[in-house]
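Novice: Input: one structure, supplied below.
Laboratory data are not the source of any read-out in this text; all were calculated from the coordinates shown. Note that the coordinates shown come from a computational prediction; the quantities given were computed from them, not determined experimentally. All Cβ positions, even for glycine, are placed from backbone atoms using ideal geometry, and neighbour counts span all protein chains on display.
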């Protein structure tokens, strides 16, 4: 079990209000990702749930028990830190065993759990090494191992992949998702990388300045962003947000169109936006064009097929798909 | 230093320093060895010729030799114990965020800047004097008989004086080590269910092991040759005659350079025995 409920939780550091009253429920077995730009309070929120910070007001309950005053170790949660926080003077085995030793678990059970965790994480051959002798990915797995052996009711991940190189990150992403499938334990995962959020989450919580902007499944957020912030944050490349005359035509203050929902044409088409190709990024499968001089926004990003090829300076016409246009009012809120 | 050329250039440039330091060490060492085999009494006939191992035999068989070795080891051990235990505790305390942290830290290091002679005199006259000392007043305030510190509890008093001077040094080094501890490690341990005491034992203390080793080695080097504190307080009486002080007395008070030099060679041997033991015990902390 691992249902976590935050009720009117606030956090201030001195006079600085980091998290205004916030309500959130994370269901048992859910993979919940907190995503937002740096300094949006997502790590603070995770640390509040972990108990490493005290809430200023409000309550946190775990499985319907008020956990607000319970010390971190007693909450039954395990945390994986950004720096892994492995104990450098202990072997991998001792690192993984540490929470069990602290709980004074009997030796045989310790051995059994360590062996199971090491096997699950491919660490069996490394049990006698020190963390300093491991690669980044292996260290990450040790940190996860140390969390698994406690058999917690929920895992907390604080940007666990941000110290890994790009290739390893993709691999670890899959491993964590796989782990979640296997354990079916609640996981709360903090990241600033929307790709990680989109690929791993059951539920994404988008935060800005401590305020929840939107909660939903990855596709909900992609298809129906509630405001311009979520619209701009979710999806890569970013959604094009257009204000002014073109938006007024659609009775909106701002309209948003995703780069993949615009097609490029060399010939003038009715309703198309003219523009000049700037930098184009060839990814093989796709090509991303940065189009200037459209009179709509500084730059319009277009994702098109990898076969399409225009040069810097070419005049082109952009044809947006009107059925997937997002409309926002003057406050940036979604219209209809 | 990758290429052959840069390596030989480096050797060439290091040579003056190495040669100077080597000479600095070798000349006194050879002179000590030379005199230790001579009967040399500057005020009573000067150089009276070679005597073989006579000086060594006399130095060891003297009734004050073993007590002096014991006093030396007690002082070194006592000061190390006090400075390391209190040093770790004070470093933990100073690491806590508090108002005026910077000033407090500087004030804290101050004793280390005071010359040993001065600090020992201050302790002797202002604190430990049985008539006018602050301790005497304190004792009298409670109606107790003032303690004659330097004669009744001479060795502990000297250990106290020396510890007072070396405690800031230990604290400072340990403090910098504590500050380099990743706070996420402590938080991870907290999440893992470690009590504050377990966090200290399993995380902080192992993290400090290298700093403790450094403090241990540096302090031992300096404490084996401690002199000024004894010279200005007890003058070696009341069981505070260390090996260093004994050698000083042989050479300058008895004007027997040969005997003192033999003692010097014993001091070298003692220092090396201590060093070997220390390196065996803690040296591995310096690797890795």
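Novice: What do you get for the angle between helix A:107-120 and the principal long axis of chain A? Use alpha-carbon atoms, 0 to 90 degrees, nearest ten.
Specialist: 20 degrees
Novice: If you don't mind, there's one more thing I want to ask. Hey, can you rank B:133-145, A:199-211 by average C-beta count inside 10 Å, highest first?
Specialist: Top to bottom by mean Cβ count within 10 Å: A:199-211, B:133-145.
Novice: If you don't mind, there's one more thing I want to ask. Determine how many Å³ per residue the convex hull of the Cα atoms of the stretch B:170-288 encloses.
Specialist: Convex hull volume per residue, Cα atoms: 135 Å³.
Novice: Just how far, in whole angstrom, is the stretch A:50-100 from the stretch B:23-74 if you go by their alpha carbon centroids?
Specialist: 64 Å
Novice: For peptide A:82-89, compute the average count of partner chain beta-carbon atoms within 10 Å of each residue's beta-carbon.
Specialist: If you average over the peptide's residues, the count of other-chain Cβ atoms is 6.
Novice: Taking only Cα atoms, what is the 0 to 90° angle, nearest 10, from helix A:92-102's long axis to the longest principal axis of chain A?
Specialist: Orientation of helix A:92-102: about 70 degrees from the principal axis.
Novice: Same structure again: Using only Cα atoms, find the angle between the long axis of helix A:166-183 and the longest principal axis of chain A, and express it within 0 to 90 degrees, rounded to the nearest 10.
Specialist: Taking Cα atoms only, the helix is inclined about 60 degrees.
Novice: Along each principal axis of its Cα atoms, how long is the protein assembly as shown end to end? Whole angstroms, biggest number first, please.
Specialist: Principal-axis extents of the protein assembly as shown (Cα, largest first): 122, 70, 51 Å.
Novice: Can you compute the helix-only [θ] at 222 nm over the protein assembly as shown? Use -39500 (n - 2.57) per DSSP H run of at least 4 residues, normalise by all residues, nearest 500 deg cm²/dmol.
Specialist: The per-residue figure over the protein assembly as shown is -14500 deg cm²/dmol.
Novice: Quick one: Cα convex hull volume of the stretch A:197-287, Å³ per residue?
Specialist: Spelled out: Cα convex hull of the stretch A:197-287, divided by residues, is 144 Å³.
Novice: For the stretch B:65-240, what size does the Cα cloud have along each of its three principal axes, sorted from largest down, in whole Å?
Specialist: 55, 41, 28
Novice: Let me confirm one metric for peptide A:96-104, namely the mean number of other chain beta-carbon atoms within 10 Å of its residues' beta-carbons.
Specialist: Counting other chains' Cβ atoms within 10 Å and averaging over A:96-104 gives 4.
Novice: If you average the C-alpha positions of the stretch B:205-282 and of the stretch A:1-38 separately, how far apart do those two centres end up, in angstrom?
Specialist: What the calculation gives is 61 Å, centre to centre.
Novice: Please work out the C-alpha center-to-center distance from the stretch A:103-121 to the stretch B:118-163 and express it in whole Å.
Specialist: 58 Å
Novice: Oh, and also: Express the relative contact order of chain A as a whole percentage, based on alpha carbon pairs under 8 Å and six or more residues apart in sequence.
Specialist: Across chain A, relative contact order equals 17 percent.
Novice: Quick one: compute the contact order of the stretch B:65-240, relative version, from alpha carbon pairs under 8 angstrom and 6+ residues apart, as a percent.
Specialist: Once divided by the residue count of the stretch B:65-240, the mean separation gives 35 percent.
Novice: Now a separate question. Quick one: what do you get for chain A if you divide its Cα Rg by 2.2 N^0.38 Å?
Specialist: That works out to 1.17 for chain A.
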